[in-house]
Amino acid sequence: MDDKQHKKTQFALGYIALGLLVIFGVQYLMLRASTNQIPYSEFKQYLTRGMIQEVVVSETNISGTIEFSERDVQAFTTTRIDDPGLVEELENAGVRYSGKQSSSFLGSLFSLVLPIIIMIAVWNFMMHRMGAGGPGILKIGQSKAKLVADTDASKIKFKDVAGIDEAKEELMEVVEFLKTPGRFEELGGRMPKGILLLGAPGTGKTLLAKAVAGEAGVPFFNISGSEFVEMFVGVGAARVRDLFAQASGKAPCIIFIDELDALGKARGFNITGGHDEREQTLNQLLVEMDGFDTRKGVIIMGATNRPEILDPALLRPGRFDRQVIVDKPDREGREAILKIHTVDVKLAGDVNLNTIAARTPGFVGADLANIVNEAALLAARRRKKNVTMEEFEEAIERVVAGLEKKKRLISPKEKKIVAYHESGHSVVAESLPNTDVVHKISIVPRGIAALGYTIQLPTEDRYLMTQSELEDRLAVLLGGRVTEEIVFSDVSTGAQNDLMRATDIARAMVKEYGMSGKMGLMAYERPRNPFLKGDHWQSMEKEYSDKIASEIDEEVKRILDEAHDRSYRIIQENRDVIDRLANLLLEKEVVDREEFKSLIKIKSQ
Ligand code: ADP
Ligand code: MG
Ligand code: ZN
C-alpha cells in the first residue's frame, strides 16, 4: 500500500467509526425514550388495577406493557424486587408473563467490547489526523528529542570490555577515524556509515559502543529503537530527523541506536495498524542515512540480537554496511570478564576465577556481572568479611535457573514425576560415552520453566560435535520422557522443552550436517546462523520439493525413534538405579556428583 492510499483508508475508517458511534448513540437514546422506568410500587398498582398486559421477568428487571387505554399502550421497565407472591398475582390478573435470562452471553460481550473498539478506532483516527500536522500540544514528543550526550559513556574504555576481542579489534579502526577524521580522508579511506553490532543479549554490545565513544573521546548519543515506536504518530520520524540534525552539529560523535530490531523489523502488512508508525520512522532513518556524509565525523552504530528480522534495506551499502559480531565469550574470555567485574570485590583466598569460568559455558558478560553481584550480596547477607567460593557456587546456580523458589508448591505427585524424569536424564547421560559429566541434579523448582534440572558440565567449550555425540545427546534429552513412560506408563507435559530441543538437533542432523544416510550430503537448509552477510539473507526459504520435505520429516522421526529406543534400553537395564536416585532426590531435592557416583557404584558391585 502506498502512502497516499494508506491515508485514504485511514480517513475512511475514521468516518465509519464516527458513523457507528452516532448510530449507537441514537439507538440508545431511542430505547431510553420509548420505555418508562417506573418504581416497583407503581408497577404493583397498575397490576392490581388490571392495567398490565404482559411482562417479561429477568433476573434484575421486569419489563412489559401497560394499557392505559385501548389506544395508549406503553412499554415500561422496573427494577425487580424480591416478591414471592408476584407470580400468583400475575396469574390472578391474567397477565401473560414469561421469564428471560438476564442477558445472553454474546449480547453482553458485544455490548462490552463494541464501545471499546469504537473508542480505539476514534482515538486512532484522531491521533493520526493531529499527529500529521496537528496543533502544538501534540508535539510534546518532539521537544523530548533534545539530544543529551551520555556522560557515563565517556568513562568507559576498551579495557572495561573483555572476552570479545575480535569485535573490539574491528572497532579500533572506528576509534582511529573518530579521533582524526581528516587523516583517513587524506589516505583515501572511507568509513562505513553504519556499524551494526550483532549478538545475544548481554554480550556487551551497548558497553562496546560506549567504549568506542570513550576511547575516541567523542559524545555518545544513545537512543533505543523501541523509544521511537512508542511515540505518537509522526513524532518518531520527526525525532529521527531531529536526531541527525543535532548530531551533525556535534560531530565527531556517535549515534547509537539500541534495539534496532524494534524499529527496523522487515516491513510488511500488519492488521493492527501499528506498523504504520514504525514504518514511517524506519523510512526516515533510511533517508537520513542515505543523505548523510561520513566525512562530518558522525558514526551511526546500531545493536540487535535479532538480525534475522531486520529489514534488508537497513543492511544495504551506505547504511549499516559493516556488521560486527559480538560472540558469547569463551572460557578465557569469561575469566577476563570476571576479572574486570571483581576488581572492587573483596575475594577470599579460595576464589578461583578460572574455575568459575569453567563452570559457566554459554554465559555472557551480563550473566557474569550478575554472578559477581549476587555473590557479593550473599556474602554481605551472611556477614562475611569477603566473598568465598561458596557464594559464587550459589550465585551461579541462581543465575543458571532463576531464583530458587522453594515456596512454590508442587504436589507430591508432580514432584515424583519430576524426580524420575531428571533421574532418567542423568542415568542416560552417565551410561553413554560421549556425553557431558552429570554435575548436579535438582528438583527444586526454579524460575518459570524448569521444574527440575540436570546440570551437565562440558569438559571444554565446544565448536564441533560429532555424529555420535549428537546421537548420545538426543538419547539424554529423551531420557526424562522415556523414564516417565516406563515408570508411570503415562507421560507428562514436562518433556516439552526436551522434545523441542531433540527435534531441533535431529532436524539439523538431517538438513544441515549430512548425518542421515538416506538424505545424503545435500544441505537442505542454510545455517540458521543469522550472522551471515550479503545475499544469504534472502535465500532462506525452502529450496526442495514437498516430497523431499516429507522424506526429511521421516528421517528426523527415525533418528528420534532410534534415540528413544536407546534411551529405553538404558533405563530398563538401570531401573534399580533410577528408583534409588529418584527416591534420593525426593528426599534431598538436590543430589551432587559424588552422591550420584556412589549410587551408581552400589549397583555395579
Ligand atoms: P547488550 O547490550 O549486548 O545486551 P550490555 O552491554 O548492556 O549487553 O551488557 C550489560 C552489562 O553486562 C554491561 O554493563 C557489563 O557490566 C556487563 N558486560 C557484558 N558484556 C561484557 C564484556 N564483554 N565485558 C565486560 N562486561 C560485560
Ligand atoms: Mg544493550
Ligand atoms: Zn527433561
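Take the stretch 324-356 and flag every residue that is farther than 30 Å from A379 by Cα and surrounded by fewer than 20 Cβ atoms within 10 Å (Cβ to Cβ).
Let us first name the residues in the stretch 324-356 that are farther than 30 Å from A379 by Cα, namely 324-327.
Hits for the stretch 324-356 are I325, D327.
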Among the residues of the stretch 369-384, are any touching a His at 6+ places or on another chain (Cβ under 8 Å) and either within 23 Å of E259 (Cβ to Cβ) or of a type in the set (V, I, T) (or both)? yes
Among all residue pairs at least 6 apart or on different chains, which show Cβ distances below 6 Å where the first residue, located in the stretch 381-395, is within 20 Å of H439 (Cβ to Cβ) and the second is among the charged types (D, E, K, R)? T388/D350; M389/D350; A395/E374
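Yes/no matrix, rows are residues, columns are (1) at pLDDT below 80; (2) part of a helix (DSSP H, G or I); (3) under 29 Å from the mean Cα position of the chain (by Cα); (4) within 30 Å of A375 (Cβ to Cβ):
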| position | (1), (2), (3), (4) |
| --- | --- |
| K440 | no, no, yes, yes |
| V487 | no, yes, no, no |
| G494 | no, yes, yes, no |
| N497 | no, yes, yes, yes |
Within the stretch 357-380, can one find any residue that is aromatic (F, W, Y), more than 28 Å from P219 (Cβ to Cβ) and within 16 Å of ligand 1 (Cβ to nearest atom)? yes
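Any residue that is out of contact with any strand residue (DSSP E or B) (no Cβ under 9 Å at 6 or more places or on another chain), part of a loop (DSSP other than H, G, I, E, B) and more than 11 Å from ligand 1 (Cβ to nearest atom) - is there at least one of those in the stretch 311-322?
Scanning the stretch 311-322 turns up at least one residue that is out of contact with any strand residue (DSSP E or B) (no Cβ under 9 Å at 6 or more places or on another chain), part of a loop (DSSP other than H, G, I, E, B) and more than 11 Å from ligand 1 (Cβ to nearest atom).
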Taking the criterion of being buried (at least 17 other Cβ atoms within 10 Å of the Cβ), assigned by TED's automatic domain parsing to the domain that holds E279 and within 27 Å of K159 (Cα to Cα), would at least one residue in the stretch 314-321 satisfy it? yes
How do the pairs read when you match residues in the stretch 191-211 that are farther than 15 Å from M172 by Cα with residues anywhere that are among the hydroxyl-bearing types (S, T, Y) and away from ligand 3 (no atom under 16 Å from the Cβ), using Cβ under 8 Å and keeping only pairs 6 or more apart or on different chains? K193/T294; L198/T304
Go through the stretch 473-529 and give me each residue that's loosely packed, with under 14 Cβ neighbours inside 10 Å and β-branched (V, I, T). T493
If you check V476, V491, which single one turns out to be away from ligand 2 (no atom under 16 Å from the Cβ) and within 13 Å of D565 (Cα to Cα)? V476
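Would you tally the residues in the stretch 335-357 being over 28 Å from the mean Cα position of the chain (by Cα) and either part of a loop (DSSP other than H, G, I, E, B) or without any contact (Cβ under 8 Å) to a residue 60 or more places away in the chain (or both)?
Looking only at the stretch 335-357, we keep the residues that are over 28 Å from the mean Cα position of the chain (by Cα), and these are 335-336, 339-340, 342-356.
This time we only want the ones that are either part of a loop (DSSP other than H, G, I, E, B) or without any contact (Cβ under 8 Å) to a residue 60 or more places away in the chain (or both), so: 335, 342-356.
Counting residues in the stretch 335-357 that are over 28 Å from the mean Cα position of the chain (by Cα) and either part of a loop (DSSP other than H, G, I, E, B) or without any contact (Cβ under 8 Å) to a residue 60 or more places away in the chain (or both) gives 16.
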Give me the pairs: first residue in the stretch 471-492 and more than 16 Å from ligand 1 (Cβ to nearest atom), second residue assigned to a helix (DSSP H, G or I) and among the polar types (S, T, N, Q), beta-carbon distance under 7 Å, and six or more apart or on different chains, which are they? A475/S567; L478/S567; G479/S567; V482/S567; T483/S423; I486/Q572
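What about I16, is it at pLDDT 80 or above, surrounded by 10 or more Cβ atoms within 10 Å (Cβ to Cβ) and assigned by TED's automatic domain parsing to the domain that holds V87? First the steps, then the outcome.
Details: at pLDDT 80 or above: no; surrounded by 10 or more Cβ atoms within 10 Å (Cβ to Cβ): yes; assigned by TED's automatic domain parsing to the domain that holds V87: yes.
In short, no.
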Mind checking which residues of the stretch 298-313 are crowded, with 18+ Cβ neighbours inside 10 Å, in contact with a Phe, Trp or Tyr (Cβ under 8 Å, 6 or more places away or on another chain) and in contact (Cβ under 8 Å) with a residue 60 or more places away in the chain? I299, I300, M301, G302, A303, P307
If the Cβ limit is 8 Å and pairs must be 6+ apart or interchain, which residue in the stretch 588-605 that is over 16 Å from V428 (Cβ atoms) pairs with which residue that is at pLDDT below 90 and of a type in the set (G, A, S)? E589/S442; V590/S442
Just for helices (runs of 4 or more DSSP H) wholly inside the stretch 196-280: which have at least 3 residues that are modelled with pLDDT under 75? 225-230
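The values are calculated or read from the model by the stated rules, or taken from the named source; none is laboratory data. Treat the numbers as computed from the prediction; the structure is a model and nothing was measured. Backbone-built Cβ (ideal geometry, glycine too); neighbour counts: all protein chains shown.
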